[in-house]
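Q: Below is a structure I'd like to ask you about.
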Amino acid sequence: MLRAFLRTEAGSTSVLLVATALALLWANSPWGGTYDAFWHTRMGISFGDAAFSLDLRHWVNDGLMTVFFFLIGLEVSYEVRLGQLRDRRLVAVPAVAAFGGMLVPAGVYLLLNAGGPGAGGWGVPIATDTAFVLGVLAVVGARCPDPLRAFLLTLAIVDDVLAIMIIAIFYTAAIDVPALIAAALLLAAIVTLRWLRIWRAPAYIVLGFALWVATLESGIHPTLIGIALGILVFVYAPTDHKLLLAGEAVQEFTSEPSAAAAREATRRVQRAVSVNERLQLRLHPWSSYVIVPVFALANAGVPLDGESLRSALTSPVSIGVALGLVLGKFVGISLGTWLPLRFGWGVLPGNLVWGQLLGGAAVSGIGFTVALFIVDLAFADNPAIHTQAKIGILAGSLLSAAMGWVIFRMAWDRGGVCAPPEAEPAEELPDRLTVPVGPRDHVRGPENAAVTIVEYGDFECPYCGRLHPILDELLEKNPDIRLVFRHFPLPTLHPRATAAAIVSEAAADQGRFWEMHDILFDNQRFLTDADLEHYAAELDVDPWADVPGHAARITLHEESGRDGGVRGTPTLFLNGVRYQGPLTLNSISRAVEDLRESP
């Protein structure tokens, strides 16, 4: 899910850049007068005497962008229930960083504009543009590891939710009570359908469109409804029962192909995946390659003639927006990252270093989609300030991208790269264990063993789970072997791996590491916080007693693994040499036997 999302958003950045450039060229061409004229063309629908119409720009900003925010709601719902937002330690740092990345830019802007005609634009520099940020990170390439992308994506999700709340609370001019009541009733009808588990798409489409119209008429911006509906879409992990039914249907089609069998297999496979994930798969390309670029085309066209640029250079609005994006975002996100780490409120995914985090904080100052959105809400009646704010957005975003690129070039530390097994780099890797087995290692087996197996593992990794009974059988058959387990969680692939590792370290403090180790591998699909707390209670262990200390120990394991060439899990070292054969009982047994026979 995360990797597909990153690929879609990063790949769409070029389309977004082209749309922005076209809007600027159009607005500054000899035909620049047609730009606003075209987007003010009215279009609507009528039924008898009833009519509903908006100009094209409002159809884009209030209509198409509702789909964009609907996708944000889908992503929030998925991440909260099944993804990285389930782990409060991984969420705490980017959430506080997102809050700091909104509070400080707003403060910087108000320092220059409080009490002036542009004071209402304090919300313009608060939002990060996810698509542009991920596009810049794609250009940065290997200097931006997957854990940093995961960190910034989580930050962007929290940022988007807070921005929508700010739009709803502070940028709603007037409320039409009857329309608001109608919207509330329609939303209640949708919630009721969901509660009754009635999944008829036409009913949701009709009610959703009526809800959008009622919300628009009420004075509340309809994008709020987009994110609310996205959150309401049902999401679940595939159950064993549904997977079994899907597998049986596919097997039946394979053995006896027919149209009926194909239809049944398709239906079973679709039902195994939640509606949330299916909608994300279908709508993300439309949002990334059509909706957001069209929004840029409709809103980024700002005149850049000499008079406009001279006004912007001395305008507190332009300067406030630019400084808010460049300085405010950088300081706010950096401080918001440091505070939770300093007080042990959370942990970072992977082995990120400050050079990478500061680069991520800098590029987060690229504010575009939501920033332009708020400009239209804040300065709709003041064309001069409206133009100045847009110039500030363009200048601040360009400076933020440049500053981020410089930081990544100058302050990158390779120690932070975390790659899954299939992403192992092409260069030759070390194959020796760099940190010998010591008294603080988790050891199972005799001290004077003929063969020592060191495993770098991840409690949520399915390959580690398959290896677990193989190593158990190997130890049982060979009493002269000892097993050492070291942590190497991959949070971008396995969002609950770090939490499981921390709980195992808490058990180790009570001398019960291997009991917890076996419980975690026997219950790999059930590693939520509630599950981990239940396992800890069974062993009379306080799971969160010393999170910073346990996280530091896990980090030491990861660093020793990287130094020895570990890039994924599971990775084994036999008597200090990295094992590169198949992870089967026969193959590992032969390697062990060869070590016994060697002098």
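The values are calculated or read from the model by the stated rules, or taken from the named source; none is laboratory data. Just so we're clear, the structure is a prediction, and the values are computed from it rather than from any experiment. Counting neighbours? That spans all protein chains shown, and the Cβs are built from the backbone with ideal geometry, glycine included. Areas reflect the complete protein model, heavy atoms only, side chains present, ligands, DNA and RNA absent. Shrake-Rupley method; radii C 1.70, N 1.55, O 1.52, S 1.80 Å.
Q: Under 21 Å from VAL375 (Cβ atoms), at pLDDT 80 or above, open to solvent by less than 60 Å² (accessible area, probe 1.4 Å) and part of a helix (DSSP H, G or I), is that true of VAL96?
A: Here the answer is no, as VAL96 does not meet what is asked.
Q: Quick one: ASN276 ticks every box in (1) open to solvent by 60 Å² or more (accessible area, probe 1.4 Å); (2) within 26 Å of GLU79 (Cα to Cα) bar one, so which box is it?
A: (1)
Q: If you take the residues of the range 164-211 that are of a type in the set (Ser, Thr, Tyr) and surrounded by 14 or more Cβ atoms within 10 Å (Cβ to Cβ), which of them is nearest to ALA127 (Cα to Cα)?
A: TYR171
Q: So which residues in the range 244-261 are exposed (fewer than 14 other Cβ atoms within 10 Å of the Cβ) and not in a loop (DSSP other than H, G, I, E, B), if there are any at all?
A: LEU244, GLU248, GLN251, THR254, SER255, ALA259, ALA260
Q: Would the range 348-363 turn up any residue that is on the phi > 0 side of the Ramachandran plot and either in contact with a Cys (Cβ under 7 Å, 6 or more places away or on another chain) or at pLDDT 80 or above (or both)?
A: The answer is yes; a qualifying residue exists.
Q: If you don't mind, another one. Pick from the range 585-599 the residues that are of a type outside the set (D, E, K, R) and open to solvent by 20 Å² or more (accessible area, probe 1.4 Å): which of them is nearest to PRO479 (Cα to Cα)?
A: The qualifying residue nearest to PRO479 (Cα to Cα) is SER589.
Q: Right, something else. Determine, yes or no, whether ALA237 is assigned to a helix (DSSP H, G or I) and out of contact with any strand residue (DSSP E or B) (no Cβ under 9 Å at 6 or more places or on another chain).
A: no
Q: With respect to ALA127, determine if the residue is touching a Ser or Thr at 6+ places or on another chain (Cβ under 7 Å), at pLDDT 75 or above, open to solvent by less than 10 Å² (accessible area, probe 1.4 Å) and of a type in the set (A, V, I, L, M).
A: It is false that ALA127 is touching a Ser or Thr at 6+ places or on another chain (Cβ under 7 Å), at pLDDT 75 or above, open to solvent by less than 10 Å² (accessible area, probe 1.4 Å) and of a type in the set (A, V, I, L, M).
Q: Could you check, for the range 290-298, whether at least one of its residues is open to solvent by 10 Å² or more (accessible area, probe 1.4 Å) and either farther than 26 Å from THR66 by Cα or small (Gly, Ala, Ser) (or both)?
A: no
Q: Could you tell me whether any residue of the range 409-416 is modelled with pLDDT under 85, open to solvent by less than 10 Å² (accessible area, probe 1.4 Å) and on the phi < 0 side of the Ramachandran plot?
A: Yes, some residue in the range 409-416 is modelled with pLDDT under 85, open to solvent by less than 10 Å² (accessible area, probe 1.4 Å) and on the phi < 0 side of the Ramachandran plot.
Q: Another one. Residues of the range 216-228 being modelled with pLDDT of 75 or more and over 19 Å from VAL60 (Cβ atoms), which ones?
A: Answer for the range 216-228, where residues must be modelled with pLDDT of 75 or more and over 19 Å from VAL60 (Cβ atoms): SER218, ALA228.
Q: Does TRP345 satisfy being buried (at least 16 other Cβ atoms within 10 Å of the Cβ), aromatic (Phe, Trp, Tyr), at pLDDT below 85 and farther than 30 Å from LEU244 by Cα?
A: Yes; evaluated as a whole, the condition is true for this residue.
Q: May I pose another question? Taking the range 554-584, which residues are assigned to a helix (DSSP H, G or I) and either among the hydrophobic types (A, V, I, L, M, F, W, C) or surrounded by 18 or more Cβ atoms within 10 Å (Cβ to Cβ) (or both)?
A: Answer for the range 554-584, where residues must be assigned to a helix (DSSP H, G or I) and either among the hydrophobic types (A, V, I, L, M, F, W, C) or surrounded by 18 or more Cβ atoms within 10 Å (Cβ to Cβ) (or both): ILE554, LEU556, HIS557, GLU558, SER560, GLY561, ARG562.
Q: Any residue that is in a helix (DSSP H, G or I) and β-branched (Val, Ile, Thr) - is there at least one of those in the range 269-285?
A: Yes, the range 269-285 contains at least one residue that is in a helix (DSSP H, G or I) and β-branched (Val, Ile, Thr).
Q: Tell me which residues, restricted to the range 472-503, are in contact with a Leu (Cβ under 8 Å, 6 or more places away or on another chain), under 25 Å from ASP431 (Cβ atoms) and open to solvent by less than 10 Å² (accessible area, probe 1.4 Å).
A: The answer is LEU474, ILE481, LEU483, ALA497.
Q: Looking at the range 13-31 only, could you name the residues that are touching a helix residue (DSSP H, G or I) at 6+ places or on another chain (Cβ under 9 Å), more than 22 Å from SER288 (Cα to Cα) and either exposed (fewer than 15 other Cβ atoms within 10 Å of the Cβ) or β-branched (Val, Ile, Thr) (or both)?
A: Hit for the range 13-31 is SER29, nothing else.
Q: Filter the range 563-599 down to the residues that are without any contact (Cβ under 8 Å) to a residue 24 or more places away in the chain and among the polar types (S, T, N, Q) and list them by number.
A: Across the range 563-599, the qualifying residues are ASN586, SER587, SER598.
Q: Among the residues of the range 20-35, is any in contact (Cβ under 8 Å) with a residue 24 or more places away in the chain, outside any helix (DSSP H, G or I) and over 30 Å from VAL275 (Cβ atoms)?
A: yes
Q: Within the bounds of the range 317-334, is there any residue that is farther than 20 Å from GLY123 by Cα, open to solvent by 10 Å² or more (accessible area, probe 1.4 Å) and part of a helix (DSSP H, G or I)?
A: No, there is no match, as no residue in the range 317-334 is farther than 20 Å from GLY123 by Cα, open to solvent by 10 Å² or more (accessible area, probe 1.4 Å) and part of a helix (DSSP H, G or I).
Q: If LEU281 satisfies every condition in (1) closer than 30 Å to GLY44 by Cβ; (2) open to solvent by 20 Å² or more (accessible area, probe 1.4 Å); (3) under 26 Å from the mean Cα position of the chain (by Cα) but one, which is the exception?
A: Checking LEU281 against (1) closer than 30 Å to GLY44 by Cβ; (2) open to solvent by 20 Å² or more (accessible area, probe 1.4 Å); (3) under 26 Å from the mean Cα position of the chain (by Cα), the one that fails is (1).
Q: Quick one: is LEU71 of a type in the set (A, V, I, L, M) and at pLDDT 80 or above?
A: yes
Q: Still on this structure, please answer the following. In the range 446-470, which residues are within 21 Å of PRO436 (Cβ to Cβ), of a type outside the set (D, E, K, R), open to solvent by 10 Å² or more (accessible area, probe 1.4 Å) and in contact (Cβ under 8 Å) with a residue 12 or more places away in the chain?
A: PRO446, ALA449, ALA450, THR452
Q: If we scan the range 533-543, do we find a residue that is in a loop (DSSP other than H, G, I, E, B) and β-branched (Val, Ile, Thr)?
A: yes
Q: Report those strands (runs of 3 or more DSSP E) wholly inside the range 420-509 carrying at least 2 residues which are within 32 Å of the chain's Cα centre (by Cα).
A: Here the list reads 451-457, 481-487.
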